[in-house]
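A quick write-up on the structure given underneath.
The values are calculated or read from the model by the stated rules, or taken from the named source; none is laboratory data. Only a predicted model underlies this, so the values are computations on that prediction, with no experimental measurement involved. In this analysis, Cβ positions are derived from the backbone assuming ideal geometry, glycine residues included, and neighbour counts consider all displayed protein chains.
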4 protein chains.
Amino acid sequence: MRSTLRSFDLAHLAHVELLTPKPEESLNFFVNIMGMTETARRGDSVYLRGWDDYEHHTLKLTASKTAGMGHVAWRATSPEALERRAAIIEHAGFGKGWHDGDLGHGRTFAFNTTDGHNMELYYETEWYEAPPELKPSLKNHAMRFPARGCNVRRLDHLNLLTSNVTELRVFLEEVVGLRTTEMIVLDSGVEAGAWLTATNKTYDIAFTLDHYRARGRFHHFTYALDSREEVLRAADIFLENDVYIETGPHKHAVQQTFFLYVYEPGGNRVEVSNAGARLMLAPDWQPIVWTETERKKGQAWGLKTIESFHTHGTPPIEEYTGPRNDVSSVDPG
Amino acid sequence: MRSTLRSFDLAHLAHVELLTPKPEESLNFFVNIMGMTETARRGDSVYLRGWDDYEHHTLKLTASKTAGMGHVAWRATSPEALERRAAIIEHAGFGKGWHDGDLGHGRTFAFNTTDGHNMELYYETEWYEAPPELKPSLKNHAMRFPARGCNVRRLDHLNLLTSNVTELRVFLEEVVGLRTTEMIVLDSGVEAGAWLTATNKTYDIAFTLDHYRARGRFHHFTYALDSREEVLRAADIFLENDVYIETGPHKHAVQQTFFLYVYEPGGNRVEVSNAGARLMLAPDWQPIVWTETERKKGQAWGLKTIESFHTHGTPPIEEYTGPRNDVSSVDPG
Amino acid sequence: MRSTLRSFDLAHLAHVELLTPKPEESLNFFVNIMGMTETARRGDSVYLRGWDDYEHHTLKLTASKTAGMGHVAWRATSPEALERRAAIIEHAGFGKGWHDGDLGHGRTFAFNTTDGHNMELYYETEWYEAPPELKPSLKNHAMRFPARGCNVRRLDHLNLLTSNVTELRVFLEEVVGLRTTEMIVLDSGVEAGAWLTATNKTYDIAFTLDHYRARGRFHHFTYALDSREEVLRAADIFLENDVYIETGPHKHAVQQTFFLYVYEPGGNRVEVSNAGARLMLAPDWQPIVWTETERKKGQAWGLKTIESFHTHGTPPIEEYTGPRNDVSSVDPG
Amino acid sequence: MRSTLRSFDLAHLAHVELLTPKPEESLNFFVNIMGMTETARRGDSVYLRGWDDYEHHTLKLTASKTAGMGHVAWRATSPEALERRAAIIEHAGFGKGWHDGDLGHGRTFAFNTTDGHNMELYYETEWYEAPPELKPSLKNHAMRFPARGCNVRRLDHLNLLTSNVTELRVFLEEVVGLRTTEMIVLDSGVEAGAWLTATNKTYDIAFTLDHYRARGRFHHFTYALDSREEVLRAADIFLENDVYIETGPHKHAVQQTFFLYVYEPGGNRVEVSNAGARLMLAPDWQPIVWTETERKKGQAWGLKTIESFHTHGTPPIEEYTGPRNDVSSVDPG
């Protein structure tokens, strides 16, 4: 059933706008520790990319009073797909209208998720053109390998917190056109997490229940490295640079990603990961459903995840005293 | 322009039928050295798969008088896609009609390429169900990791020889619905090689000019490993088992695959490879065109490819005395 | 000062006798999961080795009522070194006399440590001669790479529990002739752990305070793999075979070893690890002294070690109700 | 027999003085591409080290009219070992007298090899003390991991060319006190190559016949990386920086080192390598003797080594017209 929903309208996750209250420290982190390259600046924002990201940017870093996600953008597979999908979203009542785009991409349709996260969709893009000193030796990657810091290759996926997993999952499947590949369903029947994809990657976006029952928060985004050995070396580099390592390196049971989570200076969680040769090639993949019991086993090799991984999101929540979701068996990988 | 051709009708490369004059030795190679698992036998064929291939088989190994490829099969994205694409191929004059399928898959449409290679297309498939002793610990991969030999994960791509690259490329783009991601064009203007994909992998099929100007020959197929470290270890394992290593491990300039080529006992070339985090996410990727001069530089790190890599294909050609194509700068990676 | 103590009498850690109450299950673990090779059987013992161990065996697996270590043996650098060192140990009052040796090695001097662990020293050894079917392709490693299970390469080090770290360290330095490379000293001034070497490896033996104040217990031994990638794959293999993973893979702060600890079926802890290119080449290396505060930071990348790593040893201690050592900041890596 | 020769007087290879006609370009290569750190400058020399070299420097880069090796230095295991070994070398007639040392080390005994290479021996050394900004997070490695270029860890070994392998080998064994671990003996009985060690590494120095029958030339030196994956990444970095890659990455049959050879801008050959967990622990290791037939098989996985690897040394030899040694089966790994 799910396979018939596959729309092919979305090509891939395109970029994330990250808000930071410490813009200079955050910029230093992304450039010198993550090894990213600045492509442009405008207003309070700096535009950045990994060495094999093909577009103008995959990260828009914006100074802000608080940490969090500004918006996330998807690229459509064609001009027609953009129009078609925008109409579906508009019709479903989530549209916020068209705008002229931003540095690096053209006309853009903005919308909200069921949980209030800001999303955008566009087709026209500016392919990154490396300046002479950054031209690669092999013309089939985007830019010279930087050999600086963690050398992140490309944006991989995004992870959100939500007050209602089911609503967000159904919205992303039926309105936005993604496919669910894995999910967590608690013994109570409540969906606690979902992983969805627009591509042959096993997920492009994931989300889990917000411990604080808040709406629209951000958990992390992830840049891909070429090997698990590079993820291990990244851990050394984070350690040497006093970057807070929250958990990892280790292997998730869900999706089997080899993960490493840190906090960038602005307080947002950032992941570097590697997935090996795992891809989702089957057009009729049925979602893997993890039970509460299964998820209580911890990560793939038995690691118990530390408390903050279940609760820390951005913007941070202070002095919250209301009811909370029990997310102890929910792993926002 | 090319992006508008993208059909989304083909989901992925599904399986290859390999012909071998030494069926027992070939079977031992694939099971004990490559680390594959037998799912079934029928007639002169044994059906095999890598530990994370989700279908019944990705390799059909068939006893035959000579080495070569029996056929290659693709899986469609839906029943409708199968019908639609079969009709297009039929209309273009390459169809060979429908049959009931084979072990592991249902109704199938057979066709020829412009060069006479046998291809098939189907949708209905039998998902592999691991027997109790082979159940994985994590339910999101297909089968227990074998920890035997090279431990190949999944079928990755296919490589053919052809008497006419342009014809085959245009056929696969316009009739079959694939996208070209990289190609080699000689100074004479003759296309000497092309790499095409149905997925977000950077290629699912590739082909180059046949040195002997023969039609319909096979160059190699490739199973994916999770890391370059595993490819290096595979080289040790091949060496310890007297498997002929033709070239590698090294990195291709074209597609940047980390490769290792051997001959299985039947004489067919087999590759194990790893591509890291490289994917083709852009919906409007323009083919990278390599010139003759560029390709004469050898592989990515300067390795000169040995002669046989340009000339050896299956079925082998003996005592050929006619004109030949100069493929010295053509690298069928 | 310490460098003048270096004796060069001990060549390397030679083998460990491991006691198991489940001899068949333990043997299956070491052969099929660790990937070791059986060289001989005698009485209640099976003799085993990794694929590049040069001696007859590095593990003597002996059926016993309880888990634990039977003895550990060192090889001397020469016949003269054996005599000289035996005389020193005898003179210090720890000698237990000479015996004729065992399968694989000749005349042997037995002695106790200050804590009652059984140790042996010998020089004459039987170099492993691979049978024809296990001859390696390259004649500079001991045996064909097995391509089975974790493929452990060679015995690396031994880890003990002790009731008195200082006594054991001084004994091993001054009487046995090892060098200390790293140690843990608590704020109270009590030594809580020490790592010593006979070679250019950074340690061949380590020991920490026994939580239960017992004498002569065993913590783990370790086989070396060629890469961190192989340690990660070993974790997958342990998971697939229901082997209990206690902690890891992660990197120790002390000695920086990339570790993975499991329990073999008999209850003994076993480690697989990789140390990269780190060696102790300096002849005058001054021991690194870790403080209590430093060790409370957890492992290199912040992992908190689980309780059992501090307390579980073999033979196991049941129903103990006496005083205990606080080992919460002691990491027996 | 050979084991009785083992002296334990030499601790390890200490540093190499490299001569370069392009000092600025060479310095840029070692700092920005190899990832080394400058510790001092004096006269025409810059002193450099890898991030885990414990001494003041392991490379002294000296401006010169031609490429080549200035000298190679060894560290003794103790003051007594220095005196003892110097007396033996002096008595054998190879001594060139004592001098006060250099930046980073004290009183030094200079001598020639049988082939005229300049060697030095000392004990007193200056341990590297990282400045605050380069302090490591873990106090058991020498300096902060640089995360720049290839990140070479430590000096590993040295490789020379010689007019007479046997003479040089016997000199290094009997006079200098090293052990031979592997060697190449041609069908004619002529020794064509030898690998010797002072440590538990399988070699610290190697040498092969000089094709041009010259005396005292230099083949390459090698810095160790932590993994084969890092060697592969180094190849990418060399490629991106237009560094000439001569051969590799591949695995030597002799010593099984995973190698990658490049030319630094001054024309000297430099290697980065990784040896995994292979060590030479046996005190009575008998040298592996490779025959001419065996060596003609190429490298471990079949790579044919390119001509220049057999002939290029520094200082370069131009317009030589005399008799030459046939080194086609000699692999100076």
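The table below gives the values:
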read-out: Which listed residue, of B:Ile184, B:Ile88, is buried (at least 16 other Cβ atoms within 10 Å of the Cβ), over 27 Å from B:Asp331 (Cα atoms) and touching a residue at least 24 places away in the same chain (Cβ under 8 Å); value: B:Ile88
read-out: D:His220 at pLDDT below 95 and either at the interface with another protein chain (Cβ under 8 Å from one of its Cβ atoms) or surrounded by 21 or more Cβ atoms within 10 Å (Cβ to Cβ) (or both); value: no
read-out: One residue from C:Thr305, C:Thr291, C:Thr314 being touching a residue at least 24 places away in the same chain (Cβ under 8 Å) and touching a Phe, Trp or Tyr at 6+ places or on another chain (Cβ under 9 Å); value: C:Thr314
read-out: Test: residue in region A:280-299 that is of a type in the set (A, V, I, L, M, F, W, C) and closer than 30 Å to A:Phe29 by Cβ; value: no
read-out: Single match in B:Asp156, B:Asp226, B:Asp236 (criterion: buried (at least 21 other Cβ atoms within 10 Å of the Cβ), of a type in the set (D, E, K, R), over 30 Å from C:Glu133 (Cβ atoms) and out of contact with any Asp or Glu (no Cβ under 7 Å at 6 or more places or on another chain)); value: B:Asp156
read-out: Unmet requirement for B:Thr293, which otherwise passes all of (1) more than 9 Å from every other protein chain (Cβ to nearest Cβ); (2) among the β-branched types (Val, Ile, Thr); (3) outside any helix (DSSP H, G or I); value: (3)
read-out: Where D:Gln286 falls short, out of the listed (1) at the interface with chain C (Cβ under 9 Å from one of its Cβ atoms); (2) in a strand (DSSP E or B); value: (2)
read-out: First in region D:237-250 and facing another protein chain (nearest Cβ under 8 Å), second anywhere and surrounded by 20 or more Cβ atoms within 10 Å (Cβ to Cβ) and of a type in the set (Lys, Arg), Cβ under 6 Å, 6 or more apart; value: D:Glu240/A:Arg144
read-out: Residues satisfying the stated conditions in region C:301-323, i.e. of a type outside the set (D, E, K, R) and within 12 Å of chain A (Cβ to nearest Cβ); value: C:Trp301, C:Gly302, C:Leu303, C:Thr305, C:Ile306, C:Ser308
read-out: Test: residue in region C:8-23 that is assigned to a loop (DSSP other than H, G, I, E, B) and modelled with pLDDT under 95; value: yes
read-out: Criterion (of a type in the set (A, V, I, L, M, F, W, C) and over 30 Å from C:Gly35 (Cα atoms)) met by exactly one of B:Leu168, B:Leu59; value: B:Leu168
read-out: C:Glu246 surrounded by 22 or more Cβ atoms within 10 Å (Cβ to Cβ) and in a strand (DSSP E or B); value: no
read-out: Residue under evaluation A:Ser26, criteria (1) among the small types (Gly, Ala, Ser); (2) crowded, with 24+ Cβ neighbours inside 10 Å; (3) in contact with a Lys or Arg (Cβ under 7 Å, 6 or more places away or on another chain), criterion not met; value: (3)
read-out: Qualifying positions in region D:92-116 - assigned to a loop (DSSP other than H, G, I, E, B), under 21 Å from D:Thr58 (Cα atoms) and of a type in the set (A, V, I, L, M); value: D:Leu103
read-out: Criterion: out of contact with any helix residue (DSSP H, G or I) (no Cβ under 9 Å at 6 or more places or on another chain), buried (at least 16 other Cβ atoms within 10 Å of the Cβ) and not in a strand (DSSP E or B) - qualifying residue of D:Val72, D:Val31; value: D:Val31
read-out: Count - residues of region D:256-273 that are over 14 Å from the mean Cα position of the chain (by Cα) and within 11 Å of chain C (Cβ to nearest Cβ); value: 2
read-out: Qualifying residue in region A:126-147 (condition: closer than 30 Å to B:Ala194 by Cβ and buried (at least 23 other Cβ atoms within 10 Å of the Cβ)); value: no
read-out: Criterion: at the interface with another protein chain (Cβ under 9 Å from one of its Cβ atoms), hydrophobic (A, V, I, L, M, F, W, C) and in contact with a strand residue (DSSP E or B) (Cβ under 6 Å, 6 or more places away or on another chain) - qualifying residue of C:Leu225, C:Leu172, C:Leu186, C:Leu178; value: C:Leu225
read-out: Residue that is among the small types (Gly, Ala, Ser) and either crowded, with 19+ Cβ neighbours inside 10 Å or modelled with pLDDT under 95 (or both), where the choices are A:Gly97, A:Gly116, A:Gly104; value: A:Gly104
read-out: Search result, residues across region A:303-324 that are crowded, with 19+ Cβ neighbours inside 10 Å and either of a type outside the set (Val, Ile, Thr) or modelled with pLDDT of 90 or more (or both); value: A:Leu303, A:Phe309, A:His310, A:His312, A:Gly313, A:Thr314, A:Pro315
read-out: Residue within region A:326-333 that is among the charged types (D, E, K, R), surrounded by fewer than 19 Cβ atoms within 10 Å (Cβ to Cβ) and at pLDDT 95 or above present; value: no
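For (1) more than 14 Å from chain C (Cβ to nearest Cβ); (2) within 23 Å of the chain's Cα centre (by Cα); (3) over 21 Å from B:Asp204 (Cβ atoms), each residue gets a yes or a no:
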site	(1), (2), (3)
B:His105	yes, yes, no
B:Asp115	yes, yes, no
B:Asn118	yes, yes, no
B:Asn151	no, yes, yes
B:Asp156	yes, yes, no
B:Ser163	yes, yes, yes
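The rows are residues; the columns are (1) closer than 30 Å to B:Val272 by Cβ; (2) surrounded by fewer than 21 Cβ atoms within 10 Å (Cβ to Cβ); (3) small (Gly, Ala, Ser).
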position: A:Glu230; (1), (2), (3): yes, no, no
position: A:Glu264; (1), (2), (3): no, no, no
position: A:Leu279; (1), (2), (3): yes, no, no
position: A:Val289; (1), (2), (3): no, yes, no
position: A:Lys297; (1), (2), (3): no, yes, no
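Every residue, every condition in (1) touching a residue at least 24 places away in the same chain (Cβ under 8 Å); (2) in contact with a Gly (Cβ under 9 Å, 6 or more places away or on another chain); (3) of a type in the set (S, T, N, Q), yes or no:
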residue	(1), (2), (3)
B:Leu19	yes, yes, no
B:Arg41	no, no, no
B:Asp52	yes, no, no
B:Met69	yes, yes, no
B:Thr113	yes, yes, yes
